[in-house]
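Undergrad: To start, I am sharing the structure in question, which I have written as structure tokens.
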Amino acid sequence: MNAHVSTKDHARSPAMLNLRTHSLIAFVLQPVEPLGEWLATLDGWLARSPNFFAKKPIILDLAAIDISVRDYRDLLGQLARRHIRVMGSEGADPSLVGPHLPPNLTGGVNVTPPEATAEAAAPETPAQEAPRESQTRTAQEPLPAPRGGQALVIDAPVRSGQSIVHLEGDVTIIGRVASGAEIIAGGSVHVYGAVQGRVIAGVSGDRNARIFCTEAHAELLCIGGAYRTAEDMDPRIEGKSVEVRLAEGGLQIRILN
Amino acid sequence: MSKVVVVTSGKGGVGKTTTTASLGAALAKTGQRVCVVDFDVGLRNLDLVMGAERRVVYDLINVAQGDIKLSQALIRDKRIDTLNLLAASQTRDKDALTEAGVERVIGELRGAFDWIFCDSPAGIERGATLAMRFADEAVVVTNPEVSSVRDSDRIIGLLDSKTLRAEQGQRMEKQLLLTRFDPSRATRGEMLHVDDVLDILSIPLLGIIPESEDILRASNLGAPITLNGSTSEAARSYEHAARRLAGETVPMLFPSEKKSFLNRILGRRAA
């Protein structure tokens, strides 16, 4: 979305190839076996955030599963039915790369241990180009902190149906995040107001990302793929000023003052 | 300087059409030239509320498609000659309206009227987005119910992004009209409080219209409540809202709970 940098003002002439590089942030989905259960978890996520993956570039990490081409095609079909378009795969067995299958992408930057259904990494993807030299994912690799991105400050309430997507860094909202609104940030999210909608922090793999809000009534809070919905939140935090962080075993919500 | 005001809400049945007719009539009474435009193609109602249903020959779509002149489609009110109606088509669907067509009609209306009220259909589809597209400001009609407030919040988001003014980086003025307000239910805590609604939507309050049988009766008789000589609280609230819309400062009236004689006695005894 806003990670998409377009350079429309470049001169366009048929005599030029108009080749340029293009970097964007993609979400990496890592299916795990059994696939049926994994798809059920995915459906649970989609029921809460139907448009979470819509129109976003998705890369499928196949390292954790060992499947046949036939099952792989079936999986792609299942994802397509959920409006998840896979632009490429990572860690795929050579037998899973071929015509009419997503290309195997390598050279992705930043990796995080898979936590739940939604994880994001930041692969540099040259526009429509062949894969480059390999850099494999290792789950235990220390995290290159994806901090240092720009913070986004929004000086207005976020209305129902609006979605603020800022994958490069922190988001600060001065105002309310209404029921049905959504904040998706690469880093931390600070809301100086009531949160009635969904807040998703740390999607760029920052496991130190936190969520702060002055009045918690959230539908969903999520950091690094671990999430908590209104139903399974402690009723004591309702309406309180809270801090949410990722700890061992899930989200930790602390009441401030 | 003419002003185009969209009357919108997201949710259906909250009182957009009644509000369009009542505000339009209230301003027309003061001598301002007013045109009310029904954008609810396929489910038109404004003609009924204005009492002009038997006089509709041509409609918004005929003008937008360039089949006839605007003057042929305008229906002048029989009670106030500064009040005009441009009806919607009942037989066509919303796809018959094009953005270019609407832009041309609104442009022509701007040349002939001081106020143009666009009565938006419910929803956030084409009809609703076209109704708000060329507006200068918006009246967001909301009931003090959670579903209505959330839909209004959504509509405010669209007003801030999908209108021509917003796209040109200009400010889109939005004001809240709280309708069907029932003071007795509010005191019993069965409805959202005015403050809660204002806090959630964070836009200025244009007025509070009490739930009233007079309004229902006026709509069914085809005489907007600000035109039929009613002295009810609802009529007064609409008149005040219209004056505020025109820039006057009018103190806000909070609808009071009407207590019958018996209730008052009982209330006192209980206290």
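Undergrad: Ratio of alpha-carbon Rg to the 2.2 N^0.38 Å globular estimate for chain B, to two decimals, please.
TA: Its radius of gyration relative to the 2.2 N^0.38 Å reference: 1.00.
Undergrad: What is the fewest-to-most order of B:M191, B:M1 by other Cβ atoms lying within 10 Å of their Cβ?
TA: Arranged by neighbour count, lowest to highest, B:M191, B:M1 become B:M1, B:M191.
Undergrad: Summing -39500 (n - 2.57) over the DSSP H runs of n ≥ 4 in chain B and dividing by its residue number, what mean residue ellipticity at 222 nm do you reach, to the nearest 500 deg cm²/dmol?
TA: So the helix-based figure for chain B works out to -11500 deg cm²/dmol.
Undergrad: Report the gain in length on full extension from B:D214 to B:E248: 0.36 nm times residue separation, minus Cα-Cα distance, nm rounded to one decimal.
TA: Going from the current span to full extension adds 9.7 nm.
Undergrad: Evaluate E = 1/(1 + (r/R0)^6) for B:M1 and A:D74, where r is the Cβ-Cβ distance and R0 equals 60 Å; express this FRET efficiency to the nearest 0.05.
TA: 0.40
Undergrad: Over the stretch B:133-256, what number does the Rg to Rh ratio reach, with both radii from the alpha-carbon atoms and Rh per Kirkwood?
TA: Ratio of gyration radius to Kirkwood radius: 0.99.
Undergrad: With the contact rule set at Cα under 8 Å and sequence spacing of 6 or more, what percent relative contact order holds for the stretch A:152-255?
TA: 19 percent
Undergrad: Give me the orientation-averaged projected area of the Cα convex hull of the protein assembly as shown, in nm², one decimal.
TA: Quarter of the Cα hull surface area: 32.6 nm².
Undergrad: Which percent, nearest 5, of DSSP beta bridges in the protein assembly as shown are antiparallel?
TA: Taking every DSSP beta bridge within the protein assembly as shown, about 25 percent pair in antiparallel fashion.
Undergrad: Express as a percent, rounded to the nearest 5, the fraction of DSSP beta bridges in the stretch A:152-255 (both residues included) that run antiparallel.
TA: For the stretch A:152-255, the DSSP antiparallel bridge percentage is about 35.
Undergrad: Something else about it: Which of A:P57, A:A218, B:G123 sits farthest toward the positive end of the charge dipole of the protein assembly as shown, with +1 on the Cβ of Lys and Arg and -1 on the Cβ of Asp and Glu?
TA: B:G123
Undergrad: Could you give me the radius of gyration and the Dmax of the stretch A:152-255, taking only the C-alpha atoms into account and expressing both in angstrom?
TA: Cα-based Rg and Dmax for the stretch A:152-255 come out at 11.9, 34 Å.
Undergrad: Identify all aspartates and glutamates with a Cα-Cα distance to B:K94 below 16 Å; exclude those on the same chain that are fewer than 8 residues away in sequence.
TA: Straight-distance partners of B:K94: B:D38, B:D40, B:D59, B:E103, B:D119, B:E125.
Undergrad: How many partner chain Cβ atoms sit within 10 Å of a residue's Cβ in peptide A:173-180, on average, as a whole number?
TA: Partner Cβ neighbours, averaged per residue: 3.
Undergrad: What angle, in degrees between 0 and 90 and rounded to the nearest 10, separates the Cα long axis of helix B:261-270 from the longest principal axis of the Cα atoms of chain B?
TA: In chain B, helix B:261-270 runs at an angle near 50 degrees to the longest axis.
Undergrad: Calculate the dipole size of the protein assembly as shown relative to its Cα centre from +1 charges on Lys and Arg beta carbons and -1 charges on Asp and Glu beta carbons; express the result in debye to the nearest 20.
TA: Once rounded to the nearest 20, the dipole reads 1700 debye.
Undergrad: Hey, got a sec? Which GluC sites (Glu not before Pro) in the stretch B:27-125 land in a DSSP loop and have at most 10 other Cβ atoms within 10 Å?
TA: B:E125
Undergrad: At B:Q90 and A:A47, where each label point lies 7 Å from the Cα along Cα→Cβ, what is the point-to-point distance in nanometres?
TA: Here the answer is 4.4 nm between the modelled labels.
Undergrad: Determine which aspartates and glutamates satisfy two conditions relative to B:K78: a Cα distance under 14 Å, and not lying fewer than 8 residues away in the same chain.
TA: B:K78 reaches B:D47, B:E53.
Undergrad: Name the aspartates and glutamates eligible as straight-distance cross-link partners of B:K29: C-alpha to C-alpha under 17 Å, and not fewer than 8 places from it in the same chain.
TA: The reachable aspartates and glutamates, counting only those whose Cα sits under 17 Å from B:K29, are B:D77, B:D81, B:D114, B:E239, B:E248.
Since every read-out is calculated from the coordinates, none of them should be taken as a lab result. What you are looking at is a predicted structure, and each value in this text was computed from that prediction instead of being measured. So basically every Cβ, Gly included, is an ideal-geometry build from the backbone, and we count neighbours across all protein chains shown.
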